[in-house]
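Peer 1: Please read through the structure below; I'll follow up with questions.
The values are calculated or read from the model by the stated rules, or taken from the named source; none is laboratory data. All values reported here derive from a predicted model rather than from experimental measurement. Methodologically, a virtual Cβ is constructed for each residue, glycine included, from the backbone with ideal geometry; neighbour enumeration extends over all protein chains shown. Note: accessible area is taken over every heavy atom of the protein model, side chains too, but ligands, DNA and RNA are not part of it. Shrake-Rupley method; radii C 1.70, N 1.55, O 1.52, S 1.80 Å.
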Amino acid sequence: MAEERNRTLSYERIPYKRIEKIIQIFIKRFDEFLTLKGFPPDIIKNISFFTLIDIIVRVDKRKAYYYCFHNMEINECKEAALYAYWILKLRPFSITDVKYKSKAEACTINESFVIYLIGLILENTGRIKKTNKINSSYRNFLEYSFRFRNFSIDSFVVLVESISTETLENDYPNLFNQV
């Protein structure tokens, strides 16, 4: 017979009002990102809100997991890494505009958006300098890795937490010769 002592553990779902606020933040950040990437303001895009809600709930459950099993609250960097992981896995963002949907930037929109989000959090938490620009070869390295390599959720969190100003300045000239 199973033990009774841990049967009362249960997850309390994140309130829908909080989910709505997080969705609005993602919409705002995605629009900012598209503008920075040079897409026109009227570009036709799609955000799968069902998938985004799923991502928000998964991150909230993982936060509850850390609290319950590790007796710790996660920091902003870990939380951003969890969101990034699920965005890469479930791909809620897409460009559907006929003029742009076949371009490389549209095909890797989730990977690029994740790099943008990670950069924002790392800047806001002081882990990287705000004036620092990501070396384009490092950005390509991350984009390629996010698209084609497999990460466990925990290894992804470690990866994001290990990014520093010095890491961003690294040059990866032989990236595609490794394949």
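Peer 1: Over the stretch 1-99, what relative contact order in percent results from Cα pairs under 8 Å that are six or more residues apart? Show your work: numbers first, answer last.
Peer 2: On the way: 56 pairs, mean separation 34.4, N = 99.
Normalised by residue count, the contact order of the stretch 1-99 is 35 percent.
Peer 1: Considering only protein heavy atoms and a 1.4 Å probe, what is the carbon-and-sulfur percentage of the accessible area of the chain?
Peer 2: That fraction is 52 percent.
Peer 1: Give the angle, between 0 and 90 degrees and rounded to the nearest 10, that separates the Cα long axis of helix 49-70 from the longest principal axis of the Cα atoms of the chain.
Peer 2: Value to nearest ten degrees: 50.
Peer 1: Where does each of 49, 30 land when they are ordered by accessible area, with a 1.4 Å probe and the largest first?
Peer 2: Result, largest first: 49, 30.
Peer 1: Determine the calculated [θ] at 222 nm for the chain from helices alone, applying -39500 (n - 2.57) to every DSSP H run no shorter than 4 residues and normalising by the residue count; nearest 500 deg cm²/dmol.
Peer 2: That calculation yields -19000 deg cm²/dmol at 222 nm.
Peer 1: Can you give the alpha-carbon Rg of the stretch 84-139 over 2.2 N^0.38 Å, where N counts its residues?
Peer 2: My calculation over the Cα atoms of the stretch 84-139 gives 1.30.
Peer 1: Where a ≥ b ≥ c are the square roots of the eigenvalues of the C-alpha gyration tensor, would you call the stretch 20-179 rounded, which needs a/c under 1.5, or, failing that, prolate if a/b is larger than b/c, or oblate?
Peer 2: Since a/c reaches 1.5 but b/c is at least a/b, the shape of the stretch 20-179 is classed as oblate.
Peer 1: If you don't mind, there's one more thing I want to ask. Sticking with the crude label model, points 7 Å out along Cα→Cβ, report the distance from residue 97 to residue 70 in nm, one decimal please.
Peer 2: 4.0 nm
Peer 1: Taking the solvent-accessible surface of protein heavy atoms with a 1.4 Å probe, what is the per residue accessible area of the stretch 1-155 in Å²?
Peer 2: Numbers: 9680 Å² over 155 residues.
Value returned for the stretch 1-155: 62 Å² of accessible area per residue.
Peer 1: Setting aside same-chain residues fewer than 8 positions from residue 63, which aspartates and glutamates have a Cα under 12 Å from its Cα?
Peer 2: Within the straight-line cut-off, residue 63 pairs with 12, 73, 76, 79.
Peer 1: Name the lysines eligible as straight-distance cross-link partners of residue 99: C-alpha to C-alpha under 25 Å, and not fewer than 8 places from it in the same chain.
Peer 2: Within reach: 28, 37, 45.
Peer 1: Testing the spin-label approximation: label points 7 Å from Cα along Cα→Cβ at residue 21 and residue 51. State their distance in nm.
Peer 2: So the two model labels end up 2.6 nm from each other.
Peer 1: Nothing charged except the Cβ atoms of Lys and Arg (+1) and of Asp and Glu (-1): what's the magnitude of the dipole of the chain about its Cα centre? Round to the nearest 20 debye.
Peer 2: Result for the chain is approximately 360 debye, rounded to the nearest 20.
Peer 1: Moving to a separate point now. Find the centroid of the Cα atoms in the stretch 1-42 and in the stretch 130-169, then give the distance between the two in whole Å.
Peer 2: 22 Å
Peer 1: Got the relative contact order for the chain handy, in percent, Cα pairs under 8 Å and 6 or more residues apart?
Peer 2: So the answer I get is 21 percent.
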